[in-house]
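Worksheet: the structure to be examined is printed underneath.
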Amino acid sequence: MSGLVVRDLRVVFDGFAAVDGVDLEVAPGDIRFLIGPNGAGKTTLVDAVTGLVKATGSVRFGDDELLGRPVHRIARMGVGRTFQTATVFEELTVLQNLDIAAGAGRGALTLLRRRRSVPVSVEEALETIGLAGLRDKPAGALAHGQKQWLEIGMLLVQDVKLLLLDEPVAGMSHDERDATGALLRVVSADRTVVVIEHDMDFMRSFANTVTVLHAGKVLSEGSVAQVQADPAVQQVYLGVS
Ligand SMILES: Nc1ncnc2c1ncn2[C@@H]1O[C@H](COP(=O)(O)OP(=O)(O)OP(=O)(O)O)[C@@H](O)[C@H]1O
Ligand SMILES: [Mg+2]
């Protein structure tokens, strides 16, 4: 299993440093929550790690340097992310969505060949995300939470080893949140997971470690208890003075 090591990461938009010299280490198998107020730079950090925005500094996952590599190379190194809004193919079934994701790394010829059986990776992902019974349902007919799980499933079949999830439980019911937390625990057994989240109850229940970003910099880091007890966090993030 590999960990994530970010050094002096900087992303500048028109002279404005959205990410302003961030150092971050996420151990293999960790579930790290990345929190912070709106505009803190959380999504931009994930964009930099996944190659969507230009950045300086260093981002290593295992032995690989990610910075400067194109998006598809970074994906092939086992790095996958979700976005603040789910991106599944609504007209296709759950199974078809997973099948396409599983084929993302394969050649066109392989994809064209008719496959009679469901690949093992897809079968496993269906079980892990709890959608085995809904495999033939169109993704568009899924509940909000189930779509998010499908999206996580689409990363699992791509054999992603570093998962970066941008507000995965936003808009979810309480039960869906709990199910998502349980899913993260299963997934992190042999992967490294970074979760951007605003939901503090969810963080308290499922975070292993927490990093607080504020104005593009790391404000605080540690266990949930440590971060919550940090006066700087209380002042800046929770609005307590
Ligand atoms: N493409 C861009 N061009 C210019 N500025 C940007 C761009 N993307 C983000 N920003 C700015 O960078 C800062 C950080 O944005 P980012 O989306 O990373 O914040 P965030 O922590 O994810 O916030 P939220 O919790 O609202 O999702 C914000 O001030 C935002 O306006
Ligand atoms: Mg964001």
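Throughout, read-outs are computed from the coordinates displayed, never taken from laboratory work. Note that the structure is predicted; figures quoted are calculated from it, not measured. With ideal geometry, Cβ positions are generated from the backbone for all residues, glycine too; neighbour counts draw on all protein chains shown.
Observations on the structure shown:
- Extended-chain gain in nm, criterion 0.36 nm per residue less alpha-carbon gap, ARG76 and SER58: 4.7 nm
- Karplus (6.51, -1.76, 1.60) ³J(HN,Hα), θ = phi - 60°, over the range 85-91, in Hz, Gly and Pro reported as x: 10, 5, 10, 10, 7, 5, 7
- Virtual spin-label span in nm between ASN38 and GLU65, 7 Å along Cα→Cβ: 3.8
- Value of D in µm² per second that Stokes-Einstein yields for the range 112-233, Kirkwood Rh from Cα pairs, at 20 °C (1.002 mPa s): 134
- The C-alpha atoms of the chain define a longest principal axis, and helix 144-156 lies at about 80 degrees to it.
- log₁₀ of I(q)/I(0) at q = 0.15 Å⁻¹ - the chain, Debye sum with one point per alpha carbon: -1.04
- Relative contact order of the chain, pairs being alpha-carbon contacts under 8 Å that are 6 or more residues apart, as %: 28
- Where labels lie 7 Å past Cα in the beta-carbon direction, separation of MET1 and ASP201 in nm: 2.8
- Gained length - ASP190 relative to ASP159, 0.36 nm times residue gap less alpha-carbon distance: 10.1 nm
- Across the range 144-197, Cα pairs under 8 Å and at least six residues apart give a relative contact order of 49 percent.
- If the segment from ALA143 to ALA225 were pulled out straight at 0.36 nm per residue, it would be longer than the present Cα-Cα gap by 26.2 nm.
- The range 206-235 versus the range 2-70: alpha-carbon centroid distance in Å: 17
- With the simple spin-label model, which puts each label point 7 Å out from Cα in the Cβ direction, the ASP175 to GLN96 separation comes to 2.8 nm.
- Long-range amide H partners of THR93 with built H, under 5 Å: ALA139
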